[in-house]
Amino acid sequence: MYILNTTFAIKLAWKVIESFMAVHMKSKMMMTDKSSDPDLIDAFHPSQLEVKYGGKAPNVTEFWPPTMPSSEYGCDEDLLVSEKKYKAILKGNPSLKPRPD
C-alpha cells in the first residue's frame, strides 16, 4: 500500500499504529510526504500511473464511470483456464475454496 502526500499528523498516527503491526505487514506499506516515490514508479508501468504520481497516464479528473488509464496491459489469455481445468484443479486441491457463482 502506498500512502502519498502525508501530513505530520498522519505520520504521527502511523508511528503509533505501526508499533502494533507485525513486521511482514509493515513491509507491505510505504508512506511519504511527496507526491511520488521511486518504489511506486518501480511497482507500476508508467502507462498505468498518473502524471501527478510520476507516470505517463493522464491525471483523472472525472471519477464516474471508473476507467483504467491504459488498456495496453489487458487480460493474458494464456493464463486463463477452462471451466473443466478449473474444476480439476479444485478437485486436486481440497484446501482451495471454489469461487462464488
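The values are calculated or read from the model by the stated rules, or taken from the named source; none is laboratory data. These numbers were taken from a predicted model, which means no experiment stands behind them. Neighbour counts run over all protein chains shown; Cβ positions are idealised from the backbone, glycine included. Side chains included, ligands, DNA and RNA excluded: accessible areas come from the protein's heavy atoms. Shrake-Rupley method; radii C 1.70, N 1.55, O 1.52, S 1.80 Å.
When LYS85, LYS11 are compared by accessible area of protein heavy atoms, the largest-first order is LYS85, LYS11, using a 1.4 Å probe.
Helix 8-18 axis versus longest C-alpha principal axis of the chain: approximately 50°, rounded to the nearest ten. Between the Cα long axis of helix 83-92 and the first principal axis of the chain there is an angle of about 90°, rounded to the nearest 10.
Can you tell me which lysines have their Cα less than 25 Å from the Cα of LYS87? Leave out same-chain residues fewer than eight positions away. Answer for LYS87, where 25 Å is the Cα cut-off: LYS97, listed by chain and number. The modelled label-to-label distance between PHE20 and ASN5, using points 7 Å beyond Cα along the C-beta direction, is 2.8 nm. Restricting the calculation to Cα atoms, every distinct pair contributes to the Kirkwood radius of region 1-61, found to be 12.7 Å.
Let me cross-check HIS45: its accessible surface, 1.4 Å probe, with only protein heavy atoms counted, in Å² to the nearest 10? It works out to around 80 Å².
Mean residue ellipticity at 222 nm from the helices of the chain, using -39,500 (n - 2.57) per DSSP H segment of n ≥ 4 over the full residue count, to the nearest 500 deg cm²/dmol?
Estimated from H runs of four or more residues: -8000 deg cm²/dmol.
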